[in-house]
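For reference, the structure is listed below as structure tokens.
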Amino acid sequence: VAVWGAGFIIHVIPPSLLKWAVSASFLVFGAYLLWQHEDKDGKHPEERWLTKIEHLGPFFIGLILVAVTEFADKSQIATAGLMMKYQTPWLVFAGSISAQGILNVIYVLAGRQIGDRIPVPKIRWIAGIVFLIFGLWAILS
């Protein structure tokens, strides 16, 4: 999507507005992670959502989760920029998908190690702080 949508995005959204939108998304997501909201049963909304789709299995949960959370992220914007520069959709797609595959192997292995050692609330807190820092950094750069 990022490869073929690059030209459209740049013609519709000015780069300065895109910078603010990306910065705001990091700040909002960071604040969301830091806001430890549990319902009356002591569950976070993500846990309820995952419980509803758990019957789909890890493959489809991963597919849905990554598709939703990675939509219009920095790597997709970078991929769109590469497409605009090189005008070679298949080569840009192949390079991008290869990098994502390699990184996902690392993320899965690291996630298992981290998940065994650090409780989820602490991971949420650390991730929230990191997203806030990235959001502020994007605004200031």
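The values are calculated or read from the model by the stated rules, or taken from the named source; none is laboratory data. Source: prediction; values computed, not measured. Cβ coordinates were reconstructed from backbone atoms using ideal geometry, including for glycine residues, and neighbour counts include every protein chain displayed. Heavy atoms of the whole protein, side chains included, go into the accessibility calculation; ligands, DNA and RNA do not. Shrake-Rupley method; radii C 1.70, N 1.55, O 1.52, S 1.80 Å.
Exactly one residue out of L109, L56, L82, L34 is of a type outside the set (G, A, S) and either closer than 27 Å to P15 by Cα or at pLDDT below 85 (or both), and it is L82. Looking only at residues of region 58-96 that are more than 24 Å from L18 (Cα to Cα) and surrounded by fewer than 13 Cβ atoms within 10 Å (Cβ to Cβ), we find that the one that is farthest from the chain's Cα centre (by Cα) is W90. Confirm whether E46 is out of contact with any helix residue (DSSP H, G or I) (no Cβ under 9 Å at 6 or more places or on another chain) and either aromatic (F, W, Y) or surrounded by 11 or more Cβ atoms within 10 Å (Cβ to Cβ) (or both). Yes: the conditions hold for E46.
Could you check, for region 14-26, whether at least one of its residues is open to solvent by 80 Å² or more (accessible area, probe 1.4 Å), assigned to a helix (DSSP H, G or I) and at pLDDT below 85? Looking for residues that are open to solvent by 80 Å² or more (accessible area, probe 1.4 Å), assigned to a helix (DSSP H, G or I) and at pLDDT below 85, one finds at least one in region 14-26, hence yes. Among residues of region 60-80 that are part of a helix (DSSP H, G or I), those with a beta-carbon under 9 Å from a residue that is acidic (D, E) at least six positions away or on a different chain give the pairs I61/E54; Q76/E70.
In this entry, K122 passes the filter for residues that are assigned to a helix (DSSP H, G or I) and within 24 Å of Y32 (Cβ to Cβ).
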